[in-house]
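> Here you go, one structure.
The values are calculated or read from the model by the stated rules, or taken from the named source; none is laboratory data. Quick caveat, the model's predicted, so the values are computed rather than measured. Reconstructed Cβ throughout: ideal geometry from the backbone, glycine too, with neighbour counts over all protein chains shown. With ligands, DNA and RNA removed, areas are computed over all heavy atoms of the protein, side chains included. Shrake-Rupley method; radii C 1.70, N 1.55, O 1.52, S 1.80 Å.
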Amino acid sequence: MTERKPIEYWLSDMDGVLVHEGHPVPGADEFIRRLAASGKPFLVLTNNSIYTRRDLSARLAAVGLQVPAEFIWTSALATARFLADQRPEGSAYVIGEAGLTTALHEADYVLTDIRPDYVVLGETRTYSFSQITQAIRLIEGGARFVATNPDPIGPSQEGSLPACGAVAALITRATGVEPYFVGKPNPLMMRTALNVVGGHSEQTAMVGDRMDTDIVAGVEAGLETILVLTGVTRKDEVGRFPFRPHRVVPSIADLIELIDA
């Protein structure tokens, strides 16, 4: 693969990279400490739109990972920025939780069920059939359809839960309208994160555990891509994809020495 410039900016997925099944990945705390000490800009990315960045910072701190809120970037924040760019001070009917509604309020959006510009679908622990019905009727009435991410299922202690992508498919089936997904693997998620850190694609690395979201989004955004094997994608699955990461390493601990390289 082509020679790249030294890494000056870091983007990292959260689940499967820094934490796994509620526990920190060994070496993740040292990786974050070294990054903070280096002064190199970084962001922790997640498709999860349920929590605000302050919520996520607190949840990470509870398992021993000190990530300030300003170093977290979610699909909810990317969605709010996208909508603010497309239709400033617009309106939206939202299915989601505090992470999404807070981001939209901070983007000067009005949340309403009266002729909204957009129906915005995020994640919630309890999808309401009445809310989904309302979303379908508003889209039939002309509202544009945006979803925070295409993930079809999410984890829970009891097993898989339907997530944003699955509910979006239900709404699409009812209306014939496909949503615009903002989160990974849309490279827009990476580009908005790049804008936040002020980085250039040639000097930025994306660390992820999934070939079909993290790595493909990084490839399409022109970033250096690094796959860690502590999450979803196994080493023997990498070769099945038509694209490949620049590096494959066992875990985030193997990247610590790259920070000062």
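> Go through the residues of region 50-60 one by one and say whether even a single one is open to solvent by 10 Å² or more (accessible area, probe 1.4 Å), in contact with a helix residue (DSSP H, G or I) (Cβ under 7 Å, 6 or more places away or on another chain) and under 17 Å from Thr204 (Cβ atoms).
The answer is no; no qualifying residue exists.
> Suppose we filter Ile259, Ile171 for residues that are modelled with pLDDT of 95 or more and of a type in the set (A, V, I, L, M); which single one remains?
Ile171
> Let me ask you something else. Which one of Val248, Val232 is outside any helix (DSSP H, G or I), surrounded by fewer than 24 Cβ atoms within 10 Å (Cβ to Cβ), among the aliphatic types (A, V, I, L, M) and in contact with a Leu (Cβ under 7 Å, 6 or more places away or on another chain)?
Values: Val232 fails: in contact with a Leu (Cβ under 7 Å, 6 or more places away or on another chain).
Testing whether each residue is outside any helix (DSSP H, G or I), surrounded by fewer than 24 Cβ atoms within 10 Å (Cβ to Cβ), among the aliphatic types (A, V, I, L, M) and in contact with a Leu (Cβ under 7 Å, 6 or more places away or on another chain) leaves just Val248.
> Continuing with this model, one more query. Please go through region 154-185 and pick out each residue that is farther than 23 Å from Gly208 by Cα and assigned to a helix (DSSP H, G or I).
Val167, Ala168, Ala169, Leu170, Ile171, Thr172, Arg173, Ala174, Thr175
> Contact list please: Cβ distance under 9 Å, first residue in region 237-261 and over 19 Å from Leu18 (Cβ atoms) and touching a residue at least 60 places away in the same chain (Cβ under 8 Å), second residue among the acidic types (Asp, Glu) and crowded, with 16+ Cβ neighbours inside 10 Å, pairs at least six apart or on different chains.
These pairs meet every condition: His246/Glu224.
> Now for a separate question. Assess whether Phe129 counts as being aromatic (Phe, Trp, Tyr), more than 17 Å from the chain's Cα centre (by Cα) and closer than 23 Å to Glu220 by Cβ. Steps first, answer last, please.
Working: aromatic (Phe, Trp, Tyr): yes; more than 17 Å from the chain's Cα centre (by Cα): yes; closer than 23 Å to Glu220 by Cβ: no.
Answer is no for this residue.
> Somewhere in region 197-206, is a residue of a type outside the set (Val, Ile, Thr) and within 16 Å of Asn47 (Cα to Cα)?
The answer is yes; a qualifying residue exists.
> Additional query: Taking region 176-191, which residues are modelled with pLDDT of 95 or more and over 10 Å from the mean Cα position of the chain (by Cα)?
Gly176, Val177, Glu178, Pro179, Tyr180, Phe181
> Only residues in region 173-202 that are over 23 Å from Ile139 (Cβ atoms) and open to solvent by 50 Å² or more (accessible area, probe 1.4 Å) count as the first member; pair them with residues that are of a type outside the set (A, V, I, L, M, F, W, C) and in a loop (DSSP other than H, G, I, E, B), Cβ under 6 angstrom, at least 6 apart or cross-chain, and list the lot.
What qualifies is Glu202/Lys5.
> On to the next question. From (1) within 14 Å of Asp13 (Cα to Cα); (2) assigned to a loop (DSSP other than H, G, I, E, B); (3) open to solvent by 40 Å² or more (accessible area, probe 1.4 Å), pick out the condition that doesn't hold for Asp212.
Result: Asp212 passes all but (2).
> Next question. Take the residues in region 155-172 that are under 17 Å from the mean Cα position of the chain (by Cα) and open to solvent by less than 20 Å² (accessible area, probe 1.4 Å); name whichever of them is farthest from Gly142 (Cα to Cα).
Only one residue tops the list, namely Ala163.
> Something else about it: Please find, within region 1-17, the residue that is modelled with the lowest pLDDT out of those that are part of a loop (DSSP other than H, G, I, E, B), open to solvent by 80 Å² or more (accessible area, probe 1.4 Å) and within 20 Å of Met211 (Cβ to Cβ).
Among residues in region 1-17 that are part of a loop (DSSP other than H, G, I, E, B), open to solvent by 80 Å² or more (accessible area, probe 1.4 Å) and within 20 Å of Met211 (Cβ to Cβ), the one modelled with the lowest pLDDT is Met1.
> Looking at (1) open to solvent by less than 10 Å² (accessible area, probe 1.4 Å); (2) more than 19 Å from the chain's Cα centre (by Cα), which is the one condition that is false for Met206?
(2)
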